[in-house]
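What follows is a short report on a single structure.
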Amino acid sequence: MKKKETKDKVPARVTMMRKMWAMSDAKRDAGLTEPEDVEKFRDISYGPYGEENLLDIYRPVKEAGKMLPVIVNVHGGGYFYGDKELYRFYAMRLAQFGFAVVNFNYRLAPLNRFPSPLEDTLAVYKWISANARKYNLDKTNVFMVGDSAGAQLVSQFAAIWTNKAYAKMFGFTLPRGMVLRGISLACGLYELRSKIAGPQNEMMLDYFGDVSMAQDPRTEVHAYITGDYPPTYIFSAANDSLKEECRPFATFLRKKGVNVQSRIYGKKEDAEACHVFHVNIRLPMAERCNKDQTTFLKRLICVKENRPH
């Protein structure tokens, strides 16, 4: 069952940041209404941790009854903030491009530490595998998107998915019959060890627990990325605080032989070109970006019979 957070377990700065970010997200989404052309399946349990293990599925109404490619959305929030509700408008917009979108909660820091969100992501994949026929989810065309901390989680999960030795280090048994075709990474960080062991980063330590985790081989993600890593769309924005993480990781993946497309959106003078801008679906820049990333993913859809994972 879900552990109860108490004041002595959650630092005051975390409580304050959660309140500040919630106010900002509420302002972003104020006045938005859910589109009528998207079918919604809500609050489905995929694991044992109560509200922290719930997912929603969004599908275009016009494709009712049709097997659709799947996007799994991993929300951001510094590992300690966020849930599926804050991403519902964004996820529904992605569904309008012709996908079944799985939008889920995962366990948050500081009460839950590494690798809890990765364990929950695997549980979502197992749920999809078991329930694909019921919700018309095409297991042979699965994609992942994530931003900020969610981008880091997606990038790491993709390494786990494509490297059996790395998956074994987590004790993960991956569901068979699923094919991860591609991923999209937004405004994320991708090199963990220097962030854990470097200048004090309280958010990272809330999630990883201690600087000694920099020596845990599981945090050296780059070492386990191979040429089997899925095709990747990676982007940031001109005023994103994590912008400098984007191109180096894209370059690293290209050297591994991975199909990569990268882009920095906007210019310094564009106030909207900020961290996770693409989630604000009111923005013209967000619309361009979301068309770009879904176009990239659509090109990876395979309609032929596939060999299971």
Problem set entry | Among (1) closer than 30 Å to Lys9 by Cβ; (2) touching a Cys at 6+ places or on another chain (Cβ under 8 Å) - the single one Ile234 does not satisfy | (1)
Exercise. Of the conditions (1) within 20 Å of Leu153 (Cβ to Cβ); (2) of a type in the set (Phe, Trp, Tyr); (3) in contact with an Asp or Glu (Cβ under 9 Å, 6 or more places away or on another chain), Phe41 fails just one. Which one is it?
Worked result: (1)
Exercise. How many residues does the stretch 133-152 contain that are surrounded by fewer than 24 Cβ atoms within 10 Å (Cβ to Cβ) and either closer than 20 Å to Tyr49 by Cα or without any contact (Cβ under 8 Å) to a residue 24 or more places away in the chain (or both)?
Worked result: 2
Seminar exercise, completed: Of (1) surrounded by 16 or more Cβ atoms within 10 Å (Cβ to Cβ); (2) closer than 20 Å to Val101 by Cβ, Ser262 fails just (2)
Problem set entry | Tally of residues being part of a loop (DSSP other than H, G, I, E, B) and either over 18 Å from the mean Cα position of the chain (by Cα) or at positive phi (or both) across the stretch 35-46 | 3
Exercise. Taking Ser24 and the conditions (1) in contact with a Leu (Cβ under 9 Å, 6 or more places away or on another chain); (2) closer than 29 Å to Glu119 by Cβ, which numbered condition does it fall short on, given that it satisfies the others?
Worked result: (1)
For this session: Evaluate the following for Thr251: is it surrounded by fewer than 17 Cβ atoms within 10 Å (Cβ to Cβ) and β-branched (Val, Ile, Thr)?
Result: yes
Exercise. Are any residues in the stretch 55-69 part of a strand (DSSP E or B) and of a type outside the set (D, E, K, R), and if so, which ones?
Worked result: Leu55, Ile57, Tyr58, Pro60, Leu68, Pro69
Problem set entry | Only listed residue being of a type outside the set (Gly, Ala, Ser) and either more than 20 Å from Gly76 (Cβ to Cβ) or in contact with a Gly (Cβ under 8 Å, 6 or more places away or on another chain) (or both), chosen from Arg299, Arg282 | Arg299
For this session: Restricting attention to helices (runs of 4 or more DSSP H) lying wholly within the stretch 189-261, give those where 3 or more residues are at negative phi and in contact with a strand residue (DSSP E or B) (Cβ under 8 Å, 6 or more places away or on another chain).
Result: 246-255
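Values quoted throughout were computed directly from the atomic coordinates according to the rules given, and no laboratory measurement underlies them. No experiment lies behind these values; they were computed from the predicted model shown. Positions of Cβ are generated from backbone atoms using ideal geometry, with glycine treated the same way; all protein chains shown enter the neighbour counts.
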